[in-house]
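First the structure, in the form of C-alpha cells, and then the observations on it.
The values are calculated or read from the model by the stated rules, or taken from the named source; none is laboratory data. Note that the coordinates shown come from a computational prediction; the quantities given were computed from them, not determined experimentally. With ideal geometry, Cβ positions are generated from the backbone for all residues, glycine too; neighbour counts draw on all protein chains shown.
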Amino acid sequence: MCSESILCEVCEEKPAVGRCRICGRYVCDEHLNKEGVCVVCVDLMCRICNTRLSVTSCVVCGKPVCRTCSIELEPGIRVCKYCINDLSALKELGLLPKLTENI
C-alpha cells in the first residue's frame, strides 16, 4: 500500500495504490492489473511468452519479443521463434543468407 501523497506515475493524477512488480512504478488502481503489473509493462511485454519485457520487434511479424523468444540475425535484427521457420518471409526481407551464415 502506498502513501496517499504519492501520485500514479502513469496518469500523474490519482493516488498510487501499489507498485508494479516488474518496473517498480507507483501506480493507481486503474493502471495496475490483478497480477501486479502496470499498463506500461503490459504494453512492453513479449507477445510470445508474456512473461518477459520485449527488447525489440520481430522483423517478420512485428510482434514485440524478448531475447529468449527470438533469434538475433545480426545486431538489431531479431526474428521470433515462430517466424524463424518461415524461410520465404526471411528470403523476401533479404535475411536468408545472413541466417545461414550464422548457423
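For this structure, a couple of remarks:
- All positions within segment 17-72 that are crowded, with 18+ Cβ neighbours inside 10 Å, hydroxyl-bearing (Ser, Thr, Tyr) and over 30 Å from residue 6 (Cα atoms): 70
- Residue within segment 55-62 that is touching a Lys or Arg at 6+ places or on another chain (Cβ under 9 Å) and not in a loop (DSSP other than H, G, I, E, B) present: yes
- If you go through segment 17-63 and keep only what is among the hydroxyl-bearing types (Ser, Thr, Tyr) and closer than 24 Å to residue 76 by Cα, you end up with 51, 54, 56, 57.
- Within the set 12, 72, 4, 35, the sole residue that is in a strand (DSSP E or B) and either modelled with pLDDT of 95 or more or among the acidic types (Asp, Glu) (or both) turns out to be 72.
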